[in-house]
């Protein structure tokens, strides 16, 4: 029993150490965040439930859910929270943890999309439409790309999908890489 309590405390302490997660212990479980959320119907667990589960030490369940990835960052929950917890920032903190501790849940593909986007932005200074989607589907589920082919063709036909990409000017590319390197350095400190 003591080991479970230590794991729970370690999980909560880790959440609290990430910007946005500091106030998780203050939650009074009023449900205002869940009632305010426009995407709550798409989430495995409501924001209130995610907070309760995190405080109960349910690390695997929290980090393998889709709840934090469904957050629209509309900040309704943050504005309405009577304890100033900032659930939107908490969801972003949980996203960081979910990337740090990857889930085996195959239905959660948002981290693959984030990684594909940042890889292209860092290496090219741009995100080519076709290359980005190809890399995303290779990382998540290559067979889903076949289902999206009619959409891609329609976008091409209507000149909304571009095959050719533009590179940034060398100075702009250097500045972007400096920003990304600094962000990764700061994230490594957390």
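Since every read-out is calculated from the coordinates, none of them should be taken as a lab result. Quick caveat, the model's predicted, so the values are computed rather than measured. Quick reminder, even Gly has a Cβ in these numbers, built from the backbone with ideal geometry, and neighbours come from all protein chains shown.
Summary table
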| read-out | value |
| --- | --- |
| Inter-label distance, nm, simple model (7 Å from Cα along the C-beta direction), residue 60/residue 179 | 4.0 |
| Cα centroid separation - region 1-21 against region 130-190, whole Å | 34 |
| Förster-model FRET efficiency, 25 Å R0, residue 138 and residue 41, C-beta, rounded to 0.05 | 0.25 |
| GNM top mover of 154, 107, 116 - the chain, alpha-carbon springs below 10 Å | 154 |
| Value at 222 nm in deg cm²/dmol, rounded to 500, when DSSP H runs of n ≥ 4 in the chain each add -39,500 (n - 2.57) | -19000 deg cm²/dmol |
| For the chain, built as a Gaussian network whose Cα springs stay under 10 Å, the top-fluctuating residue of 100, 159, 59 | 159 |
| Choice from 134, 172, 145 with maximal GNM fluctuation in the chain (Cα, 10 Å cutoff) | 172 |
| Acute angle (nearest 10 degrees) that the helix 110-124 long axis makes with the longest principal axis of the chain, alpha-carbon atoms | 50 |
| Three-way shape label, region 110-189, alpha-carbon gyration tensor, a/c 1.5 | oblate |
| Separation in nanometres of the label points that stand 7 Å from Cα toward Cβ, at residue 163 and residue 7 | 5.2 |
